[in-house]
Structure formats: C-alpha cells, structure tokens
Amino acid sequence: MYLHLIRAGLLGAALLLTGAADQVPVSFGTAGGDTWDFFKSVDITVPEGRCDQIVVTSPGSAVTLPAGRGQAHARISLQPGDNQVRAECRQDGIERGSAQQSWNVRLHNTPTALVEISENGRGLTLGAQRSAPAPVRGSAIAAYEWRARDDNPAPLAGLPASGARIELFDVPPDGEYYVTVKVTDGSGRTDEATVMLRAQGGILRTVDAGHDHATWIDRAVVYGVVPTLFGPRGLADVAARLDQLRELGVTALWLSPITESPPDDFGYAVTDYFRIRQSLGDERKLRELVQAAHARGIRVIIDFVPNHLSDQHVYFADAVRHERSSPYFSFFARGRDGKAEHYFDWRNLKNLNYANPEVQRLVVEAFAYWVREFDVDGFRVDAAWGPKQRAPEFWPRWRVELKRIKPDLFLLAEASARDPYYGRYGFDAAYDWTGKLGEWAWRDAFEDEPNTARRLRSAIEASASGEVLVFRFLQNNDTGPRFRSRYGVGRTRVAAAMLLTLPGIPGIYTGEEVGAAYEPYRDAHQIAWDDDYGLQHWYQRLIALRREHAALRSREIRMLDVADGQNVLAYLRGAGEPSEDVLVLLNYGKSPVDVSIARDVVEKLSGGSLSDLLTGEEIGIGDGNIGLDGETVRILKLR
C-alpha cells in the first residue's frame, strides 16, 4: 500500500513538473504603478506560436485579442484605487500562462459639475443640466443643490435652491457674488462647481472666468513669504505675524514652495505634489494659517512647480531604474538620445512631458488638490514659460478646471507680461520681465545710477500695453542680495514709492519693509524684524495711499517729460474723473531739482491747491515747477 502511495505521489509530481514546463511566459510592456487615467493601454508579449488568444482582464473590462506574432495591445478600464490586471495566454481555450500587474488609479471617479448661465430678460438663469457623469460606470445626475457662498456681500434671493435650473431675478447691492452647485449622481457620488456674478448699477451679470478675474486681484498687494525666515516653526511662525502683515496693509500672502522636496532645498525640486514639507509644518498648520489669514481679510496663494520634478521623485527614480519598462518613463520630456531633459543648469530638475495626457491630468489634479483641501486663493506658477513652450494648449485647459472650482483664484505666471500669450491663455498676471527669459525689467535701470529714471520710464512704457496685469517687484527669490543692501535706504524709499503707485500688482518680499539683508537661496536663519532703517512706516503709508486712491490702482498712466539731465520719473495716474488724478514725482538723483510740469497737466490741476499725500503739505503749481530734494518723492492730488 505504501509503495502504491509513493508511486502515486511521484506520478503527481511528474505531472506538475510537466505542467510547469508547458507554462508559456507572459510579460507586460511596463510594470504597474500609479496612473492618472481611468483607461490604460497595455502591451503584452508571449512567445510566437504558443498562444492563439491573449485575454486581458481588469476590474472594469475584459479584452480578448488574437496573439498574432506574440504581441498584443489592449486598452483596459480601471477604477479608483488598486486594480489587479491579468493577462492570460490561451491555446484552444486552455490557459497556458499568465502574468499580473497592479495599477493604482490616483483619480476620484465622480461626476463633473458644469454650470451654464443665460440672461432671460428679467434676470439670470443658471443651469447644470450639462454636468457630466462619472467617467467609469457613471450614472445620471439625480440631485442638484444650489447655494450662495458665505462671503458674498449680501444674500441672494432664491438661494438655497434645488433643481437642474434656477433663476435669479432680484439684483443685490453692487459687488461680486458666488453661486455653487453640488451635483449628486445615482450612486451618491458628488462634485461642485462655482460661478462668479457681478452686480453693478442695478444689473446682475455673469463673469467670464476664462478671461476675467475677481476685483480683489486688481487691488492686491502681495507679500512673498519664505516660511523658514519667519522662524523655526515655518507655517506656524508665519501665522504668528499675520496681525503685523495686516497692519502693513498686504492683502495676499505668496508662500514659497511648501510641497515635499529634498532636505535643504528651497522647494522647487518637488518630490511629492500632494504632501507638505515636514520642516514647514503639517496639513493642520497650513489649514490654520489659511483660515487665520482669511479671518483677517488676507488671501493665500502658493508657489507651485508644474514644469519639472526632482530627480529624487519616485517616478523619476523608477524611470532611471527600469528605463522603458517603467510606467513613468514617458512622464519626462526626453531628447533623441532618450535622456530626460532639463533647462539651464537645473540638472536635478527633470522636465515633465506635457505631450503625455497623464502628465497633464497629474498636474491639474495637483493644483486642484490644494484648492479643494486647503481653500488656497491662487498660485504663483513657477517657470510657467516651460509648459507653454512644450504644450501651449495646456494652460487654457488648466484655467478652465481651476476657475470651475474657485473662479476668484489668482493665477500668476512666472513669465514675461510682455508676451500676450499669458493674458489670453490662462493667467491673470505675469512678471515684469523684459522679452529675455528671467530678466527683471528694472535691473539695468538701477545698475545705471545716472540714468535710472530714463531707463525705468522705458521699461514701464514697454509693459503698459500688455494684455495681462503686470506683477511688479523690487526683489523676490531670484534677485540675489536684497534691494536695500545693494542700493541704499534713500533709493529704496523712492523705488518703493514707484512700486506702489504704478499700474499692476505690487509684490513685497519677506522683510523688505524693514530692509532685511539676506539671500533667499543661501540664508535660512530667522530674520530680525527691527525697523532699523525707518522703512516700515514708509511702506505702510504707501500701501494705505494705494488702497485709498483709485487712481493708484487703475491701469491709466501718462508718463511726463522732464528736463534733460534730471534723474526724475514723473507720471500722472487717473481714475476717470480729473479730480481724482494723482501726480507722482520720483527723484532718483541725489541733488535737489525743480521739475517743470507740462502745461496741460498744470491747467488740469490748477483748479485748486495740490496736497502732498505723504506729508499733508500744500504745494503750489502756479508757475508749473515743483521742487524735489534729492532721493525724495511727491505724491500730489487736488485738495
């Protein structure tokens, strides 16, 4: 009996060995991993002639293909989260071999809320009938819930409401209003979209968020924040100074990159778009900062890096290790030699491949994450010129999605405002650069001390006809040593007055208002907030004047001629009514001068005495001449 069992066991083992020997090797073209799409194309290879069919199954699909010459290409459907995908080699209907891989879909399978607005003769009709079902196994929209945003200037009659369409008849007081619709499908999945409306003069109109922007942006004074320079707690130390920033008058914080990056990196070498750098704090600290800022009337925008990823990002590391068999090999732009590309000497920053739809979806999802999860108010988009060069169609698509979520976002391109592309195709503002990539428009002016005013005038005029708001600054993360350190206190005072009285959006950078000396990429120590140079009150007063006088925030400017040899910049700022005009005189020279004002300007301003808004002093302009001491400023308006 025992001999019989032993023989039976040996026979079974022999059969198993024969079966193993008959197993056909099956392989996928790439390994599994993260994916930013619900549909994936996979390549399968088997030995030629060993299979007549290849069957590919996933949680959302089953595809049967002829084996042909041992290769097959299948497009499969996936669902959110983990997906086990199996490829089988079949001969005469019998499985001869198989392989498996796992794909982690990083997207949410939800409907997409869409709102259309039309005028109906009595008011506005808002409809969400064209909202799209979820991309995988979608079901019809079952419910529509409409509500007004809590921070609207006044209640909107008729809200909250339900139904696919609503009508707004009563015109509220002047201001901007936001209406959100939440759609729910038959499976209970939800999405929201918000639209911006503008009431003015008894008329309520829709705002085209694709080309227009919220009025807060026109009034913004942006303060660039390097959290590590505020203190060792990062975001918590920024929150601790919010009262001082509000007193200064800033209306928006621009946080330098806060996403995960390698140790000691400033933040532009991104290793994870969806995680906060732990040295700055955690998610709770960011939420607390945003909420505390909003409570004080301050918006928060964050510096975001869509052009590239760090060479230490797990996607790039996988691509280096597995090359073309990595699912992320095609995530990076590559030259003809197959090597990942980068700009300049940024060897550790690998350009993303915007020809890959998954990359575009990854980037949009990354931006949207910070809006949905933390309620940020916009983005300074690092190296926005890079994706524009490689995929100019991307930025308009990106804007549509972000403004669908929150139409009052501020989208600032790190790119030249002189390029009309940025205003037409995605951005509310762009940098005050020349036509040369990365060149600050005012750099040469301040380096050429005797001709500063003349060069500044040329730079300002060159940006005046742009289609996008100009983001102006004296210093930022890329300008090296601080302005006060390079040019002195006197010139800083004059330049700050220019910055805060020109059209566009003024940007102040960490510690500028106290003349702090550091270099952003070199110094990580906490700065002292002592006002040793008497600049803080100066900045505070200039910001207050910009807030109080519409002419200083308008886009209207007329540059005025001055006598040859005078290092003076003179311009007239208007806001429609001549009585609201403001005359700005900036003496960049060290010697006193008498500035001769054009006759038509004198006649325009001769209806009364002029008041210096900085000092309260009354200034006569009867003979057309106004005196200026060296490195001083006059900001003049009719009494």
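Long hydrophobic helices in the chain, taken as whole DSSP H segments with a C-alpha length of 27 Å or more on their own axis and mean Kyte-Doolittle hydropathy at least -0.5: 2-22. Along its three principal directions, the equivalent ellipsoid of the range 308-351 from the Cα gyration tensor extends over semi-axes of 16, 12, 7 Å, largest first.
Run a plain Debye calculation on the chain (Cα atoms as equal point scatterers, no solvent) and give log10 I(q)/I(0) at q = 0.06, 0.10 Å⁻¹, rounded to two decimals, same order as the q list. So the normalised log intensities are -0.43, -1.00. Under 16 Å from the Cα of residue 182, which lysines turn up, not counting those fewer than eight places away in the same chain? Output for residue 182: 403, 406. The Cα atoms of the range 484-553 define a convex hull whose projected area, averaged across directions, is 5.0 nm².
Taking the empirical scaling 2.2 N^0.38 Å for compact globular proteins as reference, the range 116-207 has a Cα radius of gyration ratio of 1.14. Note on the range 557-638: Kirkwood radius taken over Cα pairs, Stokes-Einstein applied at 25 °C and 0.890 mPa s, translational D equal to 194 µm² s⁻¹.
The string of couplings for the range 242-248 from the Karplus curve (6.51, -1.76, 1.60, θ = phi - 60°) is 4, 5, 5, 5, 5, 5, 5 Hz, one whole number per residue in order, with x for Gly and Pro.
Listed by chain and number, the lysines whose C-alpha is less than 30 Å from the C-alpha of residue 339, apart from same-chain residues fewer than 8 away, are 40, 350, 388, 436. Over the C-alpha trace of the range 228-276, radius of gyration and Dmax come out as 12.6, 36 angstrom.
Normalise the Debye intensity by I(0) for the range 23-105, one equal point scatterer per Cα, no solvent, then take log10 at q = 0.15 Å⁻¹ and round to two decimals. Values returned for q = 0.15 Å⁻¹ are -0.46.
Annotation for the range 160-231 versus the range 516-583: alpha-carbon center distance of 31 Å.
Laboratory data are not the source of any read-out in this text; all were calculated from the coordinates shown. Values in this document were obtained by computation on a predicted structure and should not be read as measured data.
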